[in-house]
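A short worksheet on the structure shown next.
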Amino acid sequence: MTGTRAAGTVAVSLAVAGGLAASYPAGGSRGLVIAATGLAVLALLITLAAVPRGPALLPSRRSRRTAPDVRAADFPSYRKIAADLGWAAVSMRHYDHVTRPLLSRLLAVVLEDRHRLDLDGAPGQARRLMGADLWPLVDPARPASDDSNAPGVDLPTLARIVTRLEEL
């Protein structure tokens, strides 16, 4: 088996060398470059075919998916938060009735845990810590909008709110 493989390698090498040697008189340096490029592509394709396949990065439709170690059902709070944040941009009504209460609760927890500050008892200090530009978007005392046509809060603004909450 080893001798057959060695003989095949020698034969392929001689064929490549012969092809390159014949391409130069036929097309000059341009022909040589074209032939070498074609042979390199062929070598890459042969190598790719010879490499054993690993596990697929994306499951095919036909393959059976194995159950993941962690399921979304294991984290219902995460799913709810992700869904709440997803509604933020739909309209101001959605933001005020779904997302803002969530962010206000998070702000209250952060202020209590890190600053010993009651959100309801010291809204002025909370406003100062959160920032005047973001405060209206998390202020629990602001009346909720019922306007489904007004745009909600966009993703970059939500990211700024979350970043500010993390910084507090």
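Values in this text are rule-based calculations from the coordinates and carry no lab data. None of these values were measured; they are calculated from a predicted model. Cβ coordinates were reconstructed from backbone atoms using ideal geometry, including for glycine residues, and neighbour counts include every protein chain displayed.
Could you give the nm distance between label points at D120 and Y78, where each point is 7 Å from its Cα heading toward the beta carbon?
Spacing of the two 7 Å Cα→Cβ label points: 3.2 nm.
How large is ³J(HN,Hα), in whole Hz, for each residue of the stretch 106-111 in order, when computed from phi with the Karplus curve 6.51 cos²θ - 1.76 cosθ + 1.60 and θ = phi - 60°, using x for Gly and Pro?
4, 4, 4, 5, 4, 5
Please provide three numbers in whole Å: the alpha-carbon extents of the stretch 72-167 along the principal axes, with the largest listed first.
Extents along the principal axes, in whole Å: 35, 33, 21.
Hey, rough spin-label estimate for L14 and R142, points 7 angstrom out along Cα→Cβ, what's it come to in nanometres?
8.2
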